[in-house]
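Single-structure report; data block below.
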Amino acid sequence: MTRINDGQNVENAFSLTAHKVQGLALPHVTTSVNKSLFAKGQAYVAMSCATSWQNLRIINFDYNYLISPRAALNKNKRLNAIHARGFQNLQ
């Protein structure tokens, strides 16, 4: 893909699928978290390829498309209940 930036210079641009980049460290990552995700863990794979938070750009973010393991959801529910009680009777 070729794009023209604001200075009217032509730049090359490339895209890769989350499956193709699995295990790679990439200098810049742009990904969406929305209905375009079609496999569990796909957002994690794409985001984990970024070498730092500064090199990660998330566009089209929709919280409803984050897929969490059941254990993580249960732990979050327990921590919310503890917070609601004011941290009394910690277990």
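Coordinate-derived values only; no laboratory data. All figures in this text were calculated on a predicted structure; none of them were measured in a lab. Every residue, glycine among them, receives a Cβ derived from its backbone with ideal geometry; neighbour counts consider all protein chains shown.
For the reader, a short list of remarks on this structure follows.
- Amide hydrogen proximity for residue 32: with H placed 1.01 Å from N in the peptide plane, the residues at 5 or more positions away or on another chain lying under 5 Å are 59.
- Neighbour counting of Cβ atoms within 10 Å sorts the residues 26, 73, fewest neighbours leading, into 73, 26.
- With θ taken as phi - 60° and the Karplus curve 6.51 cos²θ - 1.76 cosθ + 1.60 applied, the whole-hertz 3J(HN,Hα) list for the stretch 71-82 is 4, 5, 5, 5, 5, 4, 4, 5, 5, 5, 5, 4 Hz, x standing for glycine and proline.
- Per-residue HN-Hα couplings for the stretch 27-35 [Karplus 6.51, -1.76, 1.60; θ = phi - 60°; Hz; x = Gly/Pro]: x, 9, 10, 10, 9, 10, 10, 7, 5
- Amide H contacts for residue 26 (H built 1.01 Å from N in the peptide plane; partners 5 or more residues away or on another chain; cut-off under 5 Å): 50, 51.
- Its DSSP H runs of at least 4 residues, each contributing -39,500 (n - 2.57), put the calculated 222 nm mean residue ellipticity of the chain at -8000 deg cm²/dmol, to the nearest 500.
- Rg/Rh for the stretch 2-84, where both radii come from Cα atoms and Rh is the Kirkwood radius: 1.11
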